[in-house]
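See below for the structure under consideration.
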Amino acid sequence: QVQLVESGGGLVQAGGSLRLSCAASGSIFDIRIMGWYRQAPGKQRELVATISNGGNTNYADSVKGRFTISRDSAKNTVYLQMNTLKPEDTAVYYCNFKLGWRLNDYWGQGTQVTVSS
């Protein structure tokens, strides 16, 4: 079994910063992609950022230049540094690991990020 535990969410004023962390434990092997997704009330879950095992990154247009995804492979941990936060960034943020050639999905429990105007 694989467990993902997120931390770092909270309430912040517009223009502020937060750093999310997601640590994986359990039967971790062959991590292909680590990523962050978010879901705002009444909306579908959307991709925020991903980082591959080769270090390639991908960002949603709405967060480019403000968010940075990084990883610590030795700790099986992925981070999301969020700067210049906007009220529209308010959502539950989920980390996601894709393992193995099948890209099996594993999800964290989610962490709430609230940005006040």
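The values are calculated or read from the model by the stated rules, or taken from the named source; none is laboratory data. A quick note: this is a predicted structure, and the numbers were derived from the prediction, not measured. Every residue, glycine among them, receives a Cβ derived from its backbone with ideal geometry; neighbour counts consider all protein chains shown. The accessibility values were calculated without ligands, DNA or RNA, using every heavy atom of the protein model including side chains. Shrake-Rupley method; radii C 1.70, N 1.55, O 1.52, S 1.80 Å.
Tabulated data
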quantity: Close Lys-Lys pairs in the chain, where close means Cα under 24 Å and separation is 8 or more or interchain; calculated: 6
quantity: Whole-percent pair-distance distribution, where bins are 5 Å wide, for the alpha carbons of region 33-76; calculated: 5, 21, 28, 21, 14, 7, 3, 0
quantity: Restricting region 61-97 to trypsin sites (Lys or Arg not before Pro) in coil, as DSSP defines it, with at most 15 other Cβ within 10 Å; calculated: Lys64, Arg66
quantity: Taking N as its residue count, the alpha carbon Rg of region 1-67 over 2.2 N^0.38 Å; calculated: 1.26
quantity: Dipole magnitude of the chain, debye to nearest 20 (Cβ charges: Lys/Arg +1, Asp/Glu -1, about Cα centre); calculated: 100
quantity: Full-extension gain in nm, Ser73 to Glu88, via 0.36 nm per residue minus C-alpha separation; calculated: 2.3 nm
quantity: Accessible area in square angstrom per residue, the chain, 1.4 angstrom probe; calculated: 53
quantity: Probe 1.4 Å - accessible area at Ser116, Å² to nearest ten; calculated: 40
quantity: Neighbour count of at most 13 Cβ within 10 Å plus DSSP loop: longest chymotrypsin sites (Phe, Trp or Tyr not before Pro)-free window in the chain; calculated: 30-100
quantity: Inter-label distance for Asn58 and Trp107, nm, one decimal - labels placed 7 Å from Cα along Cα-to-Cβ; calculated: 1.8
quantity: Equivalent ellipsoid semi-axes - Cα gyration tensor, the chain, angstrom; calculated: 24, 14, 13
